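Quick notes on the structure that follows.
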Amino acid sequence: MNLEILGMGVLWLFLYGYMIVSSIDFGAGFFHFFNKISRKDHQVNSLIQRYLSPVWEVTNVFFVFFFVGIVGFFPSTAYYFGTALLVPVSISIVLIAIRGSYYAFNTYGAKDSPVYSFLYGATGLLIPASLTIALTISEGGYVNVSNGQVRLLYGELFSSLYAWSVVILAIISVLFISSAFLQYYAQKAGDNTSYRLFRRYTLFWSLPTILASGLVFIGIRQHNPEHFSGMLNIWWMFGLSFLFFSLVVYLSYRRKRLGTAFVFVMLQYFSAWFGYGASHLPWLLYDELTIYDGFVNQTMAWSLIAAFIAGFLLLIPSLYLLMRLFLFDAAYIRGERK
Amino acid sequence: MIDYDPATYSRILTGLTLGFHIIFASIGVGVPLMIALAEWTGLRKRDPHYTLLARRWARGFVITVAVGVVTGTSIGLQLSLLWPNFMELAGQTISLPLFMETFAFFFEAIFLGIYLYTWDRFKSGWRHFLLVIPVVIGASLSAFFITTVNSFMNQPQGFELVNGVLTDINPLVAMFNPATPTKTAHVIITCYLASAFVLGAIAATKMIRGNRHAYHKKALHLTMVSAFVFAASTAAIGDLSGKYLAEYQPEKLAAAEWHFETEEQAPLIVGGFLADNQEVTGALEIPYALSILAHSNPNEEVIGLNEFPESDTPPLYIHYLFDGMVGIGIYLLAISFMYLLIRRIKPAWQYNKWLMRGIVAGGPLGILAIEFGWVFAEVGRQPWILHQIMRTPEGATTAEHVDIMLYLFIALYIALGVTATVVLRRMFKENPAAHELEQRYGDRRDDK
Ligand code: HDD
Ligand code: HEM
Ligand code: HEM
């Protein structure tokens, strides 16, 4: 394996991490709001809060890690994506800012406010939708590079089946991933009302998940046949993903081993995510930029990798501690411990 | 109407975001240290007042952290969105500390989450105290790493630029450039200083309103003792920053001091007005002081602004910013010293209204000094984004709609600023310290 692929692999892994933890986070925020207005049991929402409160800031760092890392490993992406994405990413920033801060205002502030709750519930679904534009434009065809100017072609973007299919998949995945996590969390907490609710959500969102994935395949075949045939070459990764998906649905339906079921959700997205990523290579931006011509100099690459290893060794025990105290501490989850 | 110029809008938007972020970021660097000091004092003296102090500060801190995190995310992305050409170059040379900064954030975020939710989990309070240490270290390291990036912009090194091609890159040399020692030290210590004053101002407000609860007195004392130490260090390190400028960026120092002709025994000019012919009127002149600031020697020569082509010199209004920063620095040192002095020689006046008012003013002034300092440092580096390597407009984006994005972000920051203030006020109004003390620890005799 060469450094370019190693660097991209690490970044892709963190983006995957962000996708999973932020989906739980965004979905939970949405359910928090939704359950509040539909007057579902209050218990559900305190369960959500117990999970979210200690971890939300960690979620954000996954994202920061990715966008700082990509400029470090592939400085040219700053030029191409930075220029093209000014408007969409600025909108994402505003959404992220509203979500993060109103979450804190609502949770730590003096009282629960329906307006704040709405703001962070709704933005949670819009953020993934707006962030996917970065992935969409990497397929090429949506940016015009000519005499030193990089421009995003809004007309092409908004009229593209592919772009919309990715948006739909992103939103549905958020709801699916987070309900699968919350049904497990609720069951561990011994909170039956919440468990039944989230089990229903999980099963409800499973079919749309698969339909939306199918739509993305169709979209990409239309938009970028080269990438599509690359995906066909590693069809087994997507096959695996489907297999994991079926296991999730089976286990949730039979009310069995929900922890394992959530691991399967992670594997389902892991194989699809890396299948998509691997077939995308070597292109960072189709027809303009590959990981080879966009790569940082060797000295910097090695120092970034060294920093990464050192940082990782620091993070693993800390993350372990966080999970032990809040995710795997049954008394905390049940709300018996503050 | 002015023509649309993406570089100008990028500068305004960057300045806006950084100017907003830096308020919350500085509090984010300084307050964890104060929380740690309070919790530590509480354990050492077995005094629940200090423990509650740490607890309440931490609760308010979460709100400012949230805004710090989201505005930080904002500036982090805006660097690539607004300065793509600069970041393409910077990515090759200085991305190492930026990358390490994310690990510092990670570390801080994880332990902050744990810290906030484990107050009553451990039998020994010391164990809980241990959890705040990574938060303090993480926050200060974030400040250190990001400031090395800014140092690099002021004193780029660690690479060769031959015909537009970068060679011989050495990330560590780039990171530890001549600007790094003074800049990082000054930034970190001023974060501590401003945060101590912000917290002290809250306690002093209580005194003015006649709330003489022992809890607030202890808060005032802890913050003022710390602030005095930080203020003295700030002045010392600020002096070293001046010496750094004299050696490496003499045009910035000369512009800040309206020092046009190279001369020995140079005076320091405070305030005043500048006429077109470089004539300064109405200023206070402190003889020899500039030579001392620049070289520790009243007879030494200080390079004047006229040695530089006009296209390479910064705008001259930074003089006022420099004066404002230094003036506030002296004020903060003086007022915290007064508090300590009066406490020693005339304890009856310790909570004198005027002294308390002076301390209350120190809170916003400390933040203002940080703003002045940054704008001075950044505008003083103009026209360069990378000193003598790349001019600011060359680093900027060429995209359309930067102006609309500027308005979008103005609206965002107004919303965030207003809500954060409202939430913080409500949080502490509805649950006063005395009330919480009683709830948690019962009535105590020495409270009044
Ligand atoms: C509470 C805030 C505060 C206070 C009281 C002071 N400063 Fe400061 N100063 C800063 C906050 C700051 C800062 C925000 O941290 C800056 C901006 C950029 C930087 O590196 O630090 C800064 C920059 C800065 C620079 C420019 C460094 C550069 O551009 O590389 C100099 C020469 C000084 N300071 C000197 C002083 C002196 C002599 C002070 C006298 C007491 C002083 N500062 C007080
Ligand atoms: C990666 C590091 C940084 C980059 C790329 C950067 C870039 C810039 C640029 C290009 C400007 C516009 C200059 C002008 O308008 O005259 C600017 C202004 C500013 N920067 Fe920096 N800077 C960096 C680090 C920092 C840091 C760490 C701070 C501290 C928070 C900071 C504070 C400011 C401020 C307050 C301004 C406003 C100055 C003005 O109003 O023009 N910068 N920055
Ligand atoms: C160009 C300049 C800067 C950039 C690009 C930047 C970037 C960021 C980012 C991405 C975050 C969010 C991290 C997270 O998700 O936790 C953040 C937060 C933070 N930044 Fe900045 N930052 C800059 C300037 C500064 C400066 C000058 C300081 C300190 C003096 C600082 C201190 C902090 C702190 C302490 C936080 C954590 C939030 C908190 O605890 O309040 N930053 N910054």
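Observations, loosely collected:
- Among (1) modelled with pLDDT of 85 or more; (2) among the small types (Gly, Ala, Ser); (3) more than 16 Å from ligand 1 (Cβ to nearest atom); (4) over 21 Å from A:Glu57 (Cα atoms) - the single one B:Ala54 does not satisfy: (4)
- Residues that are in a helix (DSSP H, G or I) and more than 7 Å from every other protein chain (Cβ to nearest Cβ), drawn from the stretch B:72-84: B:Gly72, B:Ile75, B:Gln78, B:Leu79, B:Leu82
- Checked against (1) more than 8 Å from chain A (Cβ to nearest Cβ); (2) not in a helix (DSSP H, G or I), B:Trp119 meets all criteria but (1).
- Checked against (1) more than 7 Å from chain A (Cβ to nearest Cβ); (2) within 20 Å of A:Leu325 (Cβ to Cβ); (3) at pLDDT below 85, B:Gly113 passes all but condition (1).
- Selection within the stretch B:85-110: residues that are more than 22 Å from the chain's Cα centre (by Cα) and either more than 7 Å from chain A (Cβ to nearest Cβ) or under 22 Å from B:Ala66 (Cα atoms) (or both). The member of this set that is farthest from ligand 2 (Cβ to nearest atom) is B:Ile110.
- Any chance B:Val173 is away from ligand 2 (no atom under 14 Å from the Cβ), farther than 25 Å from B:Gly60 by Cα, free of Cβ contacts under 8 Å to residues at least 60 places away in the same chain and within 14 Å of chain A (Cβ to nearest Cβ): yes
- Selected residue (criterion: farthest from ligand 3 (Cβ to nearest atom)) from residues of the stretch B:313-322 that are crowded, with 18+ Cβ neighbours inside 10 Å and not in a helix (DSSP H, G or I): B:Thr313
- Filter pass, B:Arg59 being basic (Lys, Arg) and touching a residue at least 40 places away in the same chain (Cβ under 8 Å): yes
- Of the residues making up the stretch B:247-273, just one is assigned to a strand (DSSP E or B) and over 27 Å from B:Ala179 (Cβ atoms), namely B:Phe273.
- Here B:Ala66 meets the list (1) over 15 Å from B:Ile146 (Cα atoms); (2) facing chain A (nearest Cβ under 7 Å); (3) surrounded by 24 or more Cβ atoms within 10 Å (Cβ to Cβ); (4) more than 12 Å from ligand 3 (Cβ to nearest atom) almost entirely, failing just condition (4).
- Selection within the stretch B:111-162 - among the aliphatic types (A, V, I, L, M) and within 16 Å of ligand 1 (Cβ to nearest atom): B:Ala139, B:Ala143, B:Ile146, B:Val149, B:Met153
- Where helices (runs of 4 or more DSSP H) sit wholly within the stretch B:323-441, those with at least 2 residues that are out of contact with any strand residue (DSSP E or B) (no Cβ under 8 Å at 6 or more places or on another chain) and not β-branched (Val, Ile, Thr) occupy B:353-379, B:402-429, B:433-441.
- Selection within the stretch A:64-75 - out of contact with any Ser or Thr (no Cβ under 6 Å at 6 or more places or on another chain), within 7 Å of chain B (Cβ to nearest Cβ) and touching a residue at least 24 places away in the same chain (Cβ under 8 Å): A:Gly69, A:Pro75
- Contact map, the stretch A:318-335: residues that are at pLDDT 70 or above paired with residues that are assigned to a loop (DSSP other than H, G, I, E, B) and among the polar types (S, T, N, Q), Cβ distance under 9 Å, separation 6+ or inter-chain. Pairs shown: A:Leu325/B:Thr118.
- Scanning the stretch B:122-134 for residues that are away from chain A (no Cβ under 11 Å) and either closer than 19 Å to B:Ile188 by Cβ or hydroxyl-bearing (Ser, Thr, Tyr) (or both) yields a total of 3.
- The residue that is farthest from ligand 3 (Cβ to nearest atom), among those in the stretch B:156-201 that are under 20 Å from B:Ala235 (Cα atoms) and in a loop (DSSP other than H, G, I, E, B), is B:Pro178.
- Within the stretch B:305-319, the residues that satisfy the criterion of being of a type in the set (D, E, K, R) and farther than 10 Å from B:Ala254 by Cβ are B:Glu310, B:Asp312.
- Scan of the stretch A:62-77 for residues that are within 11 Å of ligand 3 (Cβ to nearest atom) and out of contact with any Phe, Trp or Tyr (no Cβ under 7 Å at 6 or more places or on another chain), ordered by number: A:Phe67, A:Val71
- Only one of the listed residues (A:Leu304, A:Leu215) is at pLDDT 85 or above, aliphatic (A, V, I, L, M) and more than 30 Å from A:Leu197 (Cβ to Cβ). That residue is A:Leu304.
- The residue list A:Ile220, A:Ile177 contains one member that is part of a helix (DSSP H, G or I) and at pLDDT 85 or above, which is A:Ile177.
- The lone exception for B:Ala36 - which of (1) away from chain A (no Cβ under 14 Å); (2) over 16 Å from B:Ala196 (Cα atoms); (3) of a type in the set (Gly, Ala, Ser); (4) more than 16 Å from ligand 1 (Cβ to nearest atom) it fails: (2)
- Qualifying residue in the stretch A:142-159 (condition: among the aliphatic types (A, V, I, L, M), crowded, with 23+ Cβ neighbours inside 10 Å and assigned to a helix (DSSP H, G or I)): no
- Which numbered condition B:Trp57 fails, given (1) touching a Leu at 6+ places or on another chain (Cβ under 9 Å); (2) under 29 Å from A:Ile98 (Cα atoms); (3) within 12 Å of chain A (Cβ to nearest Cβ); (4) surrounded by fewer than 24 Cβ atoms within 10 Å (Cβ to Cβ): (3)
- Number of positions in the stretch B:418-430 that are surrounded by 15 or more Cβ atoms within 10 Å (Cβ to Cβ) and either at pLDDT below 80 or more than 9 Å from chain A (Cβ to nearest Cβ) (or both): 2
- Scoring B:Arg46 on the criteria (1) within 10 Å of another protein chain (Cβ to nearest Cβ); (2) without any contact (Cβ under 8 Å) to a residue 40 or more places away in the chain; (3) more than 10 Å from ligand 3 (Cβ to nearest atom) leaves a single failure, condition (1).
The values are calculated or read from the model by the stated rules, or taken from the named source; none is laboratory data. Predicted model, so just to flag it, every value in this text is computed and none were measured. Glycine gets a Cβ as well: all are built from the backbone with ideal geometry, and neighbour counts include every protein chain shown.
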